[in-house]
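Notes follow the structure.
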Amino acid sequence: MRVGAFLLSAQFPGQGHGEALERTVSAALAAERAGLDAVWLAEHHFVPYGVCPDAATLAALLLGRTRRIGVGTAVSVLSTRHPVALGEQAALLHLTSGGRFTLGVGRGGPWIDLAVFGGGLEAYERGFPERLDLLLRWLRGARVGAAGPQFAFPEVAVVPRAAEPARRGELANWLGLEAPVIPRQRQDEAAPARSGPPVVVACTSPGGVRTAAERGLPMLLGMHSGDEDKREMLAAYRAAWRAAGRGEEQLARVEREHVAAGVAQVDDRAGAARASLLRAMPDFFAHGLGAHRTVDGRERTMRDPRAYTELLCDLHAVGTPRQCADRLLATAERTGVRRFALLAEGSGDTAATLHNLARLGAEVLPQLA
């Protein structure tokens with residue numbers, strides 16, 4: 001099992017943007033010290049739900065400040081990004097980090113972002129598959145052109161090329177990473193072939209599941225999904241995979257890479273862990289999610305903030321170290337998912353978040369072996 005931290009860069013009521021971002025940076029460093037597998041970074045625009053507008057840029061900062069931990073986006077929103085520009089960023093991070101970067105992508109929501117960045121509602125409702133295919137061709141190819149309804153351009157060279165082996169020799173030494181400098185020829189001979197950074201797809205609908213399965217990409221499942229929801233999405237994924245004519249051996253490999261988002265709050269008493277989240281998260285949800293504006297004025301309904309917080313407490317690793325471990329193990333047993341991205345900043349307090357991550361590493365992870 002691989003457990004990582006999911007960092008929203010959440011702006012809780014009364015906090016500034018800088019405070020929220022500093023908590024994210026501190027939490028990423030704490031996650032590495034705690035022995036977690038990865039940190040996953042969200043991006044949002046114009047709302048306090050998350051004040052990081054570009055997860056790949058923040059990933060670059062964190063890759064430079066860490067040495068071991070993986071860093072991924074959860075997610076980079078393709079509906080408001082040019083796939084080639086995002087592909088160039090991903091290739092750069094992949095090659096300069098020794099392969100520690102994972103690109104998570106999704107189509108986002110029907111928000112005002114679509115008007116600001118020019119994609120429009122069409123990019124959200126029907127444009128995601130074309131954008132994803134162009135991104136994948138860029139990450140895996142040497143020369144790419146496009147002739148689609150959204151993107152059309154003559155063939156150009158892919159520079160830098162993500163499919164080259166990630167190096168940890170001269171470049172790592174220049175970056176100050178602790179890695180031996182291997183002669184270039186010897187390193188090229190020994191390095192395994194790579195196809196660029198791993199890519200995962202956020203899936204919240206049958207269409208998203210089908211899109212990921214048809215392209216052989218693992219899924220990122222949302223915090224709102226319980227174990228039964230996950231089982232249904234995994235069953236739909238397998239059906240779409242087989243309908244696309246893909247093989248069973250590759251399916252087994254890809255299924256090990258699915259990621260489930262959740263919440264983690266560790267305390268000596270289950271009631272205290274739950275109370276920490278119920279004190280802070282309902283106001284945060286009302287403050288953050290309530291700020292979303294739709295691009296076309298459509299009505300939107302929002303979950304009751306307190307009821308949603310209680311649901312997350314029920315679904316995820318909230319309680320004593322033993323209860324948190326049991327919750328993660330139960331989800332793994334029921335669904336087969338072995339990778340988790342856990343929101344650890346639900347208290348809204350930096351010191352409490354760092355303490356929560358330390359306990360997750362020291363008291364929960366050892367019980368998952």
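The values are calculated or read from the model by the stated rules, or taken from the named source; none is laboratory data. None of these values were measured; they are calculated from a predicted model. Neighbour counts are summed over all protein chains in view; Cβ atoms, including those assigned to glycine, are modelled from backbone coordinates with ideal geometry. Each accessible area value is taken on the protein alone, full model and side chains, heavy atoms only, with ligands, DNA and RNA left out. Shrake-Rupley method; radii C 1.70, N 1.55, O 1.52, S 1.80 Å.
Taking only protein heavy atoms and a 1.4 Å probe, what accessible area per residue, in Å², does the chain have with all protein chains in place? Please list the in-between numbers first.
Numbers: 15950 Å² over 369 residues.
On a per-residue basis, the chain sits at 43 Å².
Where both partners of a DSSP beta bridge lie in the chain, what percent of those bridges are antiparallel, to the nearest 5? Walk me through the numbers on the way to the answer.
On the way: 5 of 37 bridges.
Close to 15 percent.
In units of 2.2 N^0.38 Å, what is the alpha-carbon radius of gyration of segment 216-352? Don't jump to the answer; show the numbers that get you there.
Details: Rg = 17.3 Å, N = 137, 2.2 N^0.38 = 14.3 Å.
This ratio for segment 216-352 stands at 1.21.
Can you pull out the trypsin sites (Lys or Arg not before Pro) in segment 53-131 whose DSSP state is coil and whose Cβ has at most 16 other Cβ atoms within 10 Å? If you can, show how the numbers build up before the last one.
Values: sites: 65, 67, 68, 81, 100, 107, 126, 131; in loops: 67, 68, 81, 100, 107, 126.
Here the trypsin sites (Lys or Arg not before Pro) that fit, given the DSSP loop and packing criteria, are 67, 68, 126.
Mind running the shape call on segment 249-292? Use the C-alpha gyration tensor, a ≥ b ≥ c as the square roots of the eigenvalues: rounded below 1.5 for a/c, prolate if a/b tops b/c, oblate otherwise.
On the way: a/c = 7.49, a/b = 1.66, b/c = 4.52.
The shape class here is oblate.
Do the sum for the chain: with -39,500 (n - 2.57) for every DSSP H run of n ≥ 4, divided by all residues, what is the mean residue ellipticity at 222 nm, to the nearest 500 deg cm²/dmol? Could you put the intermediate results ahead of the total?
Working: 15 runs with 170 residues, N = 369.
Mean residue ellipticity, 222 nm, calculated: -14000 deg cm²/dmol.
Could you look at segment 109-164 and say what percent of its accessible area is carbon and sulfur, using a 1.4 Å probe and all protein chains? Let's see the in-between values first.
Details: 1540 of 2750 Å².
The computed percentage sits at 56.
Among 305, 85, 264, whose Cα projects farthest towards the positive end of the dipole of the chain, with charges put on the beta-carbon of Lys, Arg (+1) and Asp, Glu (-1)?
Farthest towards the positive end: 85.
Test of understanding: extend the Cα→C-beta vector of residue 22 to 7 Å, then name every residue of segment 307-351 with backbone N under 17 Å from that spot.
Label zone hits: 348-351.
Between residue 228 and residue 121, what is the label-point separation in nm under the 7 Å Cα-to-beta-carbon projection?
For the pair residue 121/residue 228, the computed spacing is 3.4 nm.
Can you send over the carbon and sulfur percentage of the accessible area for segment 198-305, probe radius 1.4 Å, protein chains only?
Values: 2370 of 5080 Å².
On segment 198-305, the fraction of accessible area on carbon and sulfur atoms equals 47 percent.
If each residue of separation counts as 0.36 nm, what is the full-extension length gain between residue 244 and residue 294 once their alpha-carbon separation is subtracted?
Values: separation 50, 0.36 × 50 = 18.00 nm, distance 3.42 nm.
Extending this stretch completely gives an extra 14.6 nm.
Determine the dipole magnitude for the chain: charges of +1 sit on the beta-carbon of Lys and Arg, -1 on that of Asp and Glu, nothing else is charged, the reference point is the Cα centre, and the result goes in debye to the nearest 20.
Details: 43 positive and 40 negative charges, 146 e Å.
With only Lys, Arg, Asp and Glu charged at Cβ, the dipole is about 700 debye.
Please say if the chain is rounded, prolate or oblate, where rounded means a/c under 1.5 for a ≥ b ≥ c the square roots of the C-alpha gyration tensor eigenvalues, and otherwise the choice is prolate for a/b larger than b/c and oblate otherwise?
Values: a/c = 1.45, a/b = 1.21, b/c = 1.20.
Taking the square roots of the gyration eigenvalues as a ≥ b ≥ c, the chain is rounded.
Report relative contact order for segment 117-166 in percent, whole number only (criteria: Cα-Cα under 8 Å, sequence separation at least 6). Display every interim value, and only then the final one.
Values: 38 pairs, mean separation 14.3, N = 50.
Result for segment 117-166 is 29 percent.
Could you state the orientation-averaged shadow area of the convex hull built on the Cα atoms of segment 325-369, in nm² to one decimal? Mind dumping the intermediate values first?
On the way: hull surface 13.2 nm².
The Cα convex hull of segment 325-369, projected and averaged over all directions, gives 3.3 nm².
Could you tell me what % of all Cα pairs in segment 1-112 have separations over 26 Å?
Working: 935 of 6216 pairs.
Cα-Cα pairs in segment 1-112 separated by more than 26 Å: 15 percent.
Are there DSSP H segments in the chain that both extend 20 Å or more along their axis (alpha-carbon positions) and score a mean Kyte-Doolittle hydropathy of at least 0.5? List them, or say none.
On the way: long enough: 17-34 (25 Å, -0.11); 227-243 (24 Å, -1.11); 270-289 (27 Å, 0.54); 321-335 (21 Å, -0.77).
Membrane-span-like by this rule: 270-289.
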